[in-house]
1. Name the residues in region 69-96 that are closer than 26 Å to Q42 by Cα, charged (D, E, K, R) and not in a strand (DSSP E or B), would you?
2. Condition first: of a type in the set (A, V, I, L, M, F, W, C), modelled with pLDDT of 85 or more and surrounded by fewer than 10 Cβ atoms within 10 Å (Cβ to Cβ). Can you find one or more residues in region 23-42 that meet it?
3. What residue, among those in region 35-68 that are part of a loop (DSSP other than H, G, I, E, B) and hydroxyl-bearing (S, T, Y), is nearest to the chain's Cα centre (by Cα)?
4. Of W49, W97, W92, W68, which residue is in contact with a Gly (Cβ under 9 Å, 6 or more places away or on another chain), at pLDDT 90 or above, surrounded by 12 or more Cβ atoms within 10 Å (Cβ to Cβ) and among the hydrophobic types (A, V, I, L, M, F, W, C)?
5. Quick one: T19 ticks every box in (1) modelled with pLDDT under 65; (2) more than 14 Å from the chain's Cα centre (by Cα); (3) polar (S, T, N, Q); (4) in a loop (DSSP other than H, G, I, E, B) except a single one, so which number is it?
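The values are calculated or read from the model by the stated rules, or taken from the named source; none is laboratory data. Remember, it's a predicted structure, so these values are computed and weren't measured experimentally. Because the Cβ atoms are built from the backbone with ideal geometry, glycine has one as well, and the counts that use them run over all protein chains shown.
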Amino acid sequence: MKQKSFKWLFLVVLFFTITLSASAQIYVTIRPTLPVIVRTPQPSPTYIWIEEDWELVGGSYRYAGGHWVAPPQNGYYHKPGYWKNGKHGVTWVKGSWHQKGQKNNGMPKGKHKGKHKGKH
């Protein structure tokens, strides 16, 4: 009787192990490594150093950072790019230029629509 129970238990465990492993999905994503770049002297006080930047070329990422860039206009800063986790892996979101004193939606910092709640 004990031996029969052990066989049934073994079959149940084996069945669940096979069922669970067959339905598991594994995504492996290897982000590219950041190369060592020696920062050259700043060509002008207005130039900004772009540390990490990547381009998608032929289905893989190629390093495009490690260089000085002049802002598109005076009063702009560069918001760095970043790696974003997604459903099927990691993707690079490019950096972007923003005007100082402005939020991404174009409204000045500290200014907003609506009324304050509470006392001033």
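1. If the condition is that a residue be closer than 26 Å to Q42 by Cα, charged (D, E, K, R) and not in a strand (DSSP E or B), then K94 is the only one that fits.
2. Checked against the condition, which is being of a type in the set (A, V, I, L, M, F, W, C), modelled with pLDDT of 85 or more and surrounded by fewer than 10 Cβ atoms within 10 Å (Cβ to Cβ), region 23-42 yields at least one hit.
3. Checked region 35-68; the qualifying residue nearest to the chain's Cα centre (by Cα) is Y47.
4. The unique qualifying residue is W49.
5. Answer for T19: the failing condition is (4).
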